[in-house]
1. Could you give me the residue pairs with C-beta distances under 8 Å whose first residue belongs to region 61-80 and is modelled with pLDDT under 95, whose second residue is of a type in the set (Phe, Trp, Tyr) and not in a strand (DSSP E or B) wherever it lies, and which are 6+ apart or on separate chains?
2. Do we have residue 96 as of a type in the set (A, V, I, L, M, F, W, C) and surrounded by fewer than 17 Cβ atoms within 10 Å (Cβ to Cβ) here?
3. Considering only region 42-60, I want to know if a residue exists there that is modelled with pLDDT under 90, hydrophobic (A, V, I, L, M, F, W, C) and not in a strand (DSSP E or B).
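The values are calculated or read from the model by the stated rules, or taken from the named source; none is laboratory data. Owing to the predicted nature of the structure, the values given are computational and were not obtained by experimental measurement. Here the Cβ is made from the backbone with ideal geometry for all residues, glycine too, and neighbour counts use every protein chain on show.
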Amino acid sequence: MSLSSFDFDMCNPYQQIYQACEGIYLTLTRYSDSIAVLSFTNEMKETIPIPEGIVVYTCDYSETNCIKEKPRNDSYILCWTEDYVIHHKKNLLLKITNKRTWDILQYTTDNLKNNSDIQEKK
């Protein structure tokens, strides 16, 4: 598990990349002082469709109320005011916590957290 920050005060385009699993990377790109886009790339840094099993939720602080986000054009639009969790096949990959700069907790294969008890709302 590792912790990093995503700063909305950085110059455009500000980008961070996180490995989701072998051959799949999550790319967070800042487009304004309040909007970022989560997209997916391969090891050649080519944009790919949202991988099967990836789910993004907006959650409250305790993660008891989570709402499944809908993608747009093979990416997710994220707002700095929300908290997010990103799962791959029900395993937690990233937890994004709102602090104007996001604290991002990345889970590795040795410490994947299975959150199959997340309540989906449609």
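1. As it stands, the answer is 80/8, since those pairs meet every condition given.
2. Working: of a type in the set (A, V, I, L, M, F, W, C): yes; surrounded by fewer than 17 Cβ atoms within 10 Å (Cβ to Cβ): no.
So residue 96 does not fit the description; no.
3. No, every residue in region 42-60 fails to be modelled with pLDDT under 90, hydrophobic (A, V, I, L, M, F, W, C) and not in a strand (DSSP E or B).
For every residue, the table says whether it meets (1) surrounded by 17 or more Cβ atoms within 10 Å (Cβ to Cβ); (2) in contact with a helix residue (DSSP H, G or I) (Cβ under 7 Å, 6 or more places away or on another chain); (3) farther than 12 Å from residue 76 by Cα.
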{"residue": "22", "(1), (2), (3)": "no, no, yes"}
{"residue": "26", "(1), (2), (3)": "yes, no, no"}
{"residue": "32", "(1), (2), (3)": "no, no, yes"}
{"residue": "35", "(1), (2), (3)": "no, no, no"}
{"residue": "38", "(1), (2), (3)": "yes, no, no"}
{"residue": "46", "(1), (2), (3)": "no, no, yes"}
{"residue": "52", "(1), (2), (3)": "no, no, yes"}
{"residue": "56", "(1), (2), (3)": "yes, no, no"}
